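The values are calculated or read from the model by the stated rules, or taken from the named source; none is laboratory data. Bear in mind that the values here come from a model prediction, so they are computed numbers and not experimental data. FYI the Cβ positions are ideal-geometry reconstructions off the backbone, even for glycines, and counts take in every protein chain you see. Protein only, heavy atoms only, side chains kept; ligands, DNA and RNA dropped before computing areas. Shrake-Rupley method; radii C 1.70, N 1.55, O 1.52, S 1.80 Å.
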Amino acid sequence: MPIVIGLVLHASHRAVFEDAARTLSGVSIAWVTYEHEAAIRPGVEELLGGGHLDGLMLGPVPYAKCRDLLPDDLSVAVVRSAGLDLSIAFCRALARGWAPTPVSIDTFDQETVDEVVRALDLDAGEVACLPYDPTQSVEEIVDFHRRHLDRSGGRYVISLRTAVTARLSDVIPVLSGVPGPATIRAQLHELALRIQSKRATALRFAAGVFVVVSRDAAADLDRSRVGVMNLLVNTPEFADAWIENRDRRGVVVLAHQALFESVTHNWVSLPALAQAQETLGIRVAAGFGVGASARTSVLLAERAAARAEQEDRPSAYLIEDSGVIIGPMSPGGSPLTFTYREHGASIEHLSRGAGLSPATLSRLAALESGLEGRLISPGDLAKSLGITEPSGRRLIRKLSESGLVTDEGSAQVHRKGRPTRLYRLAIGEAIRGAEDE
């Protein structure tokens, strides 16, 4: 499966990025170009909701505009101009016969500017730098350059901001310090390698061991073990795992590392432990092992489970063959939804019409019941189901097409940003209607 990387950039920079991306193989590029900064956020929203995406590369300005939209599990690279790009800008000034200083520079890090100034043996006192700050407006940056020009009498400025260039170009020559193909190429390759490494890590073999913690000799461990196994088998998050009996006290789960990372919210919490205590009335300890083979992973998971048993509450540990130990994981977090294999004819019928699994539809029905008529946003829906926000928006669209959700308008949830669409789930009513037919 090819890697898909999204690139968010000003339309005027696309040719440079296309040149840099030519050296990548096995990578598909999804482009988001904009003329004005107001178009960044809608473009990124459309990209995230449009399909599979492994990584995203964007500059500091687009990142500041849409960082709250980006899923936690998405690999992100923020493009920053390097010293080479600033040095090239100084070379352009010399090629035009201009003295390199005095000059004002925006958006570059102060450390990068200082390094280049020293390397070129320039007078640091005649170089003014305004590092990037997401709270700065274009007007403030333009004012910074104007004030420096008034004081120094400089002949040009160096800017990374397209909007700043447009405001100053009629007053003073503006040399661009935007990243060149070499800088972009290096950062694109680094992002692609990071994604490949993440994929390889996610596909590593892993094991989980769930054991019933009981100090009561009369306890029915067989019955408790069967309860734990049924809980895991009927929990959608474990649908792709291999689950089998371990012994009288426990259950073994075999899967890729990525599945366990998702279930434990990246090794932070394991809601299945709380579910076992609430629905089965038993305390469960869990251990996870990541190793080079199934045998090694199970042995590590056993050690981790033994360690979790020593805690005074339901908990879990991870032990990797590299020696890394993570834990204790809490039973808190968003509870996993327990669903039964027999969903009923009405849910089976509705799920086929909506193009969703019966398990997903039954979870949505349970969520609707808990909402008690309250409206829900796509983001809240995604959080409740343990999926990404783009997946939540796609799910809303599917439900809308099947009449299982109604659009109730929008609300300004945050003081800044766009209004959030709100919806009312109508799955329970559809189920009752199907039962009456």
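Some notes on this structure:
- Residue selected from region 5-21 under the condition out of contact with any strand residue (DSSP E or B) (no Cβ under 7 Å at 6 or more places or on another chain) and touching a residue at least 24 places away in the same chain (Cβ under 8 Å), by the criterion least open to solvent (accessible area, probe 1.4 Å): 20
- Residue within region 204-216 that is open to solvent by 70 Å² or more (accessible area, probe 1.4 Å), within 40 Å of the chain's Cα centre (by Cα) and in contact (Cβ under 8 Å) with a residue 40 or more places away in the chain present: yes
- Residue within region 62-74 that is among the aromatic types (Phe, Trp, Tyr), surrounded by 21 or more Cβ atoms within 10 Å (Cβ to Cβ) and in contact with a Leu (Cβ under 9 Å, 6 or more places away or on another chain) present: no
- Among the residues of region 363-386, those identified as out of contact with any helix residue (DSSP H, G or I) (no Cβ under 6 Å at 6 or more places or on another chain) and part of a helix (DSSP H, G or I) are 363, 366, 369, 370, 371, 380, 383, 385.
- Pairs are defined by a Cβ separation below 7 Å, a sequence spacing of at least 6 or placement on different chains, a first member in region 22-34 that is in contact (Cβ under 8 Å) with a residue 24 or more places away in the chain, and a second member that is part of a loop (DSSP other than H, G, I, E, B) and among the hydrophobic types (A, V, I, L, M, F, W, C); the pairs so defined are 30/53.
- Extreme residue, farthest from residue 206 (Cα to Cα), among residues of region 270-299 that are open to solvent by 10 Å² or more (accessible area, probe 1.4 Å) and outside any helix (DSSP H, G or I): 281
- Count of residues meeting criterion [open to solvent by less than 20 Å² (accessible area, probe 1.4 Å) and free of Cβ contacts under 8 Å to residues at least 60 places away in the same chain] in region 35-58: 5
- Region 96-136 - residue that is of a type in the set (Ser, Thr, Tyr) and touching a Gly at 6+ places or on another chain (Cβ under 8 Å) and, of those, least open to solvent (accessible area, probe 1.4 Å): 104
- Residues in region 383-428 that are farther than 24 Å from residue 53 by Cβ and polar (S, T, N, Q) were compared, and the one that is modelled with the lowest pLDDT is 412.
- Any chance residue 176 is of a type outside the set (D, E, K, R) and over 37 Å from the mean Cα position of the chain (by Cα): no
- The set of residues in region 75-94 that are closer than 21 Å to residue 38 by Cβ and either buried (at least 22 other Cβ atoms within 10 Å of the Cβ) or out of contact with any helix residue (DSSP H, G or I) (no Cβ under 9 Å at 6 or more places or on another chain) (or both) contains only 79.
- Inside region 312-331, residues that are surrounded by 16 or more Cβ atoms within 10 Å (Cβ to Cβ) and at negative phi make up a count of 12.
- Counting only helices (runs of 4 or more DSSP H) that sit completely within region 108-201, those holding 2 or more residues that are modelled with pLDDT under 95 and of a type in the set (Asp, Glu) correspond to 110-119, 138-152.
- Residue in region 364-378 that is farthest from residue 408 (Cα to Cα), counting only those that are surrounded by fewer than 19 Cβ atoms within 10 Å (Cβ to Cβ) and of a type outside the set (Ser, Thr, Tyr): 366
- Within region 222-260, the set of residues being basic (Lys, Arg), in a helix (DSSP H, G or I) and open to solvent by 60 Å² or more (accessible area, probe 1.4 Å) comprises just one member, 223.
- Subset of region 215-252 [among the small types (Gly, Ala, Ser) and modelled with pLDDT of 80 or more]: 224, 227, 239, 241, 250
- Conditions (1) open to solvent by 20 Å² or more (accessible area, probe 1.4 Å); (2) within 21 Å of the chain's Cα centre (by Cα); (3) not basic (Lys, Arg); number of the one not met by residue 382: (1)
- Extreme residue, nearest to residue 317 (Cα to Cα), among residues of region 240-278 that are among the hydroxyl-bearing types (Ser, Thr, Tyr) and within 17 Å of the chain's Cα centre (by Cα): 264
- Within region 22-34, the set of residues being in contact with a Lys or Arg (Cβ under 8 Å, 6 or more places away or on another chain) and surrounded by 13 or more Cβ atoms within 10 Å (Cβ to Cβ) comprises 31, 33.
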